[in-house]
Amino acid sequence: MSLIKLTIKGISYSQTQSGAYALVLSEMEGTRTLPIIIGAFEAQSIAIALEKEIRPPRPLTHDLFKTFSERFDIQVKQVIIHKLVDGIFFSSLICEKDGVEEIIDTRTSDAIAIAVRFQAPIYTYENILDKAGIYLKIEEEIAIKENLDPEAVEVTLEEKPSGSRFSSFSLKELHEKLNEAVSNEDYELAAKIRDEISKRS
């Protein structure tokens, strides 16, 4: 059975499960998307790995996994989402050390958080896309691109009242506040400051 390569389209709040997020994967050569419900920690970890501006001062669990793997010369070659049972996705990390390949069972959310850090490709099978894939209409595709683009993934873990309280700060002050928020590991605040900076770019 041939593998289908996927890419991360984005992350949004889950409409079906409170406190959870929907990770949206899209087939590289097609129009189907694969929505996967993940927890807040994993959503934050994936979002931080996708971000260019926000870097935590201390490593998250998935960062630690990457550092550990690299120190012991273990490479993550790819992730395969290989099974879907009762709405639960099952995945494997394909790793390699000294030319020997190992397959490690993992939760899909963890697998993708690790894949992003290793820049490893993500694959699934046709039968899984047939079961869980969603064909998007053009207007839905546009909405996902606007709301779920990896460059604009929100790192926030809960809804906050809208409206920027940073509009009175200069760009220099905003960058200083962004660095301070990241140093304090306040990623919710950092994401909001980053959004204000992006608006002015």
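The values are calculated or read from the model by the stated rules, or taken from the named source; none is laboratory data. Treat the numbers as computed from the prediction; the structure is a model and nothing was measured. With ideal geometry, Cβ positions are generated from the backbone for all residues, glycine too; neighbour counts draw on all protein chains shown.
Quick test of your reading of the structure: D98 fulfils all but one of (1) out of contact with any Leu (no Cβ under 8 Å at 6 or more places or on another chain); (2) surrounded by 12 or more Cβ atoms within 10 Å (Cβ to Cβ); (3) touching a residue at least 24 places away in the same chain (Cβ under 8 Å). Name the failing condition by number.
Going through (1) out of contact with any Leu (no Cβ under 8 Å at 6 or more places or on another chain); (2) surrounded by 12 or more Cβ atoms within 10 Å (Cβ to Cβ); (3) touching a residue at least 24 places away in the same chain (Cβ under 8 Å) one by one, D98 breaks only (2).
Quick check: anything in the stretch 32-55 over 14 Å from the mean Cα position of the chain (by Cα), surrounded by fewer than 18 Cβ atoms within 10 Å (Cβ to Cβ) and at pLDDT below 85?
yes
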